1. I'd like the full set of residues that are over 24 Å from the mean Cα position of the chain (by Cα) and not aliphatic (A, V, I, L, M), limited to the range 7-56.
2. Are there any pairs with C-beta distances below 7 angstrom linking a residue in the range 10-22 that is touching a residue at least 12 places away in the same chain (Cβ under 8 Å) to a residue that is loosely packed, with under 14 Cβ neighbours inside 10 Å and part of a helix (DSSP H, G or I), with the two at least 6 apart or on different chains, and if so which?
3. Could you figure out which of (1) surrounded by fewer than 10 Cβ atoms within 10 Å (Cβ to Cβ); (2) outside the structural domain of residue 4 (by TED's automatic domain parsing) isn't true of residue 19?
Amino acid sequence: MTTIVKLYPILKDLGLDDVKANEFVEIIDQSRKEDLATKADLKDLEIRLVKWVIGLMIAQTSITIALLKFF
């Protein structure tokens, strides 16, 4: 939030009134918070990645064994 708060004086210097400058800063801060990943999001992603990696390893091993038996 401290970086966002630094925008306020800049907006004031550009000629925006207090209300508009404050609204702009709040909109920027709110949109920034909406796109942040939480620890739960990262943990869920980790679990899904592990499932994919294990599945792909099994598929690769199966294909390799099938090819070795074929030749």
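1. The answer is 8, 9, 12, 13, 15, 17, 18, 20, 22, 23, 55.
2. none
3. (2)
The values are calculated or read from the model by the stated rules, or taken from the named source; none is laboratory data. Remember, it's a predicted structure, so these values are computed and weren't measured experimentally. Don't worry about glycine lacking a Cβ; one is built from the backbone with ideal geometry, like all the others, and counts go over all protein chains shown.
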